[in-house]
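J.: Before anything else, here's the structure in question.
The values are calculated or read from the model by the stated rules, or taken from the named source; none is laboratory data. Worth saying up front: this structure is predicted, and the values here are computed from it rather than measured. Virtual Cβ from ideal backbone geometry, glycine too; neighbours counted across all protein chains shown.
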Amino acid sequence: MTAAVPIRRPRVEAEDDCVLPFAVEPLDVRGRATITSAYEGPPGCVHGGVIAALFDELLGVANITSGVGAMTGTLTIKYRSPTPLYTPLDFAARTTEIDGRKVYTRGTIHAGERLCAEAEGIFIQVDQSRFVEHAREHGGPATAPDGGGGS
């Protein structure tokens, strides 16, 4: 199964959207993408905030493939080396532990053999009916993630 997660930067035209295709396997999520200058931070490098957003999505997809939908509690990123633009980047994530409502997930970004960044997240499982209620209150789609009405 594959999924694509669009990341949009404010004030950037639609053709500059970054779409990270994920290959989803049991317990593992992997992706490969080449990020362009629309997401540049330091010269020639991906902006750290974009890396954070990609990790948040990547780790969230890993949780969903593990059967747990959860919201980000904490996200710790260690930037190990500059993440280059216009270079194929390999993304990987895995849910490592579930302890009550807490879900622990880890991920990495590599440029070839070089580790660019790694992340650890603690996610909190939330009753899905609360998402539906929140959507109804704020104008979003009022359906549960499984397509049901949440009632």
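J.: Could you list, in sequence order, the residues of the stretch 73-91 that are over 18 Å from Glu40 (Cβ atoms), surrounded by fewer than 17 Cβ atoms within 10 Å (Cβ to Cβ) and free of Cβ contacts under 8 Å to residues at least 60 places away in the same chain?
T.: Residues satisfying the conditions are Gly73, Thr74, Thr76, Lys78, Arg80.
J.: Working only within the stretch 92-130, note down all residues that are outside any strand (DSSP E or B) and crowded, with 17+ Cβ neighbours inside 10 Å.
T.: Selection gives nothing.
J.: Which of the residues belonging to the stretch 64-99 are among the polar types (S, T, N, Q) and closer than 15 Å to Arg30 by Cβ?
T.: Within the stretch 64-99, Thr65, Ser66, Thr95 qualify.
J.: For a quick check of your reading of the model, give me the residue pairs whose first member lies in the stretch 113-137 and is under 24 Å from Gly48 (Cα atoms) and among the basic types (Lys, Arg), whose second is modelled with pLDDT of 85 or more and not in a strand (DSSP E or B), with beta-carbon atoms closer than 8 Å and at least 6 apart or on different chains.
T.: Arg114/Ser81
J.: For Ala62, all conditions in the list (1) surrounded by 16 or more Cβ atoms within 10 Å (Cβ to Cβ); (2) in a strand (DSSP E or B); (3) not acidic (Asp, Glu) hold save one; what is the number of the exception?
T.: Of the numbered conditions (1) surrounded by 16 or more Cβ atoms within 10 Å (Cβ to Cβ); (2) in a strand (DSSP E or B); (3) not acidic (Asp, Glu), the odd one out for Ala62 is (2).
J.: Right, next: For Gly67, all conditions in the list (1) exposed (fewer than 13 other Cβ atoms within 10 Å of the Cβ); (2) part of a strand (DSSP E or B); (3) at pLDDT below 95 hold save one; what is the number of the exception?
T.: Condition (2) is where Gly67 drops out.
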